[in-house]
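Asker: Dropping a structure here in C-alpha cells format, bear with me for questions.
Laboratory data are not the source of any read-out in this text; all were calculated from the coordinates shown. On a predicted model such as this, the values are computed, not experimentally measured, just so you know. All Cβ positions, even for glycine, are placed from backbone atoms using ideal geometry, and neighbour counts span all protein chains on display.
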Amino acid sequence: MPATATSTLPSLFATKAWAGEELFKVLAGVDAAAHAPIVHNALRILNHIHVVDSIFMAHLQGVAHGHVATNTPETPTVPALAAAAHELDLRFCAYVGQLTAADLQQRLSFTFTDGDRGLMSREEMLLHVITHGSYHRGAAGQVLRGAGATPPRDLYTRFLHLPGSGRRAE
C-alpha cells in the first residue's frame, strides 16, 4: 500500500461499499407495491448519494461528470441503482488504494453543480464522499422503517469486526 496521509481511507471505502450493499439488500426486500412512496423516497436518497459520488469521482479524476444537479430527474430501479453504486464503490476502493500522501494533499479546483467554484484536497473530497454517504444512508434507513424494514447497523466498528476479520477477541 502506498504511503498515505491517512491509512483509514481504504477501510472507510470498504465500509462504504459494504454498508451500501447491506442497505440495498434491505430495500430489495421491501414490498414495492405495498410501500411505493417509501421505496421511491429511499431510492431518491440513495440516487442522490450515487450522483454526488459520481460527481466527486469525476472531480478527483479531472473529467467532466455531466450532471447539472445532485440528483437525476428519473428514479432508477433498485437493481439498477444497486449495481451502479456497487461498481462505483469498487472504483473508489481501487482509487484510494493507489494514492500517495502527496496525492492526498493535492488541491483540485472544480465547479459545483450550482456553478460555484470549489477548491479541495483529494483527501477532503474523499472524506466528503464518506461522510455524505453515511449521513444519507442513515436517512434512507429511517425512511425504510416506515415500511416495517429494519435498516442495517451501518457502523464502522461493525464492519471492522465482521466474522473472519480477526479483530474479535477470542
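Asker: Taking the Cα centre of the chain as origin and charging only Cβ (+1 Lys, Arg; -1 Asp, Glu), how large is the dipole, in debye to the nearest 20?
Answerer: Magnitude of the dipole: close to 320 debye.
Asker: Could I ask something else about it? Per residue of the chain, what 222 nm ellipticity follows from adding -39500 (n - 2.57) for every DSSP H run with n ≥ 4, rounded to the nearest 500?
Answerer: After summing the helix terms and dividing by residue count, I get -19500 deg cm²/dmol.
Asker: Name the long-range amide H neighbours of Leu108: under 5 Å, sequence gap of 5 or more, or other chain; modelled H, no Pro or chain starts.
Answerer: Met120, Ser121, Arg122
Asker: A further question on this structure: Quick one: order Ile49, Ile55 by neighbouring beta-carbon count within 10 Å, fewest to most.
Answerer: The most exposed by this proxy come first: Ile55, Ile49.
Asker: Work out the FRET efficiency for Ala101 and Val68 from their Cβ-Cβ distance, taking R0 = 45 Å, and round it to the nearest 0.05.
Answerer: 0.85
Asker: Express the Stokes-Einstein translational diffusion coefficient of the stretch 11-151 in µm² s⁻¹, to the nearest whole number, given a Kirkwood radius over alpha-carbon pairs, 37 °C and a viscosity of 0.692 mPa s.
Answerer: Translational diffusion coefficient: 209 µm²/s.
Asker: Please rank Glu21, Glu123, Glu87, Glu74, fewest neighbouring Cβ atoms within 10 Å first, as an exposure proxy.
Answerer: Least to most surrounded, the residues fall as Glu74, Glu87, Glu21, Glu123.
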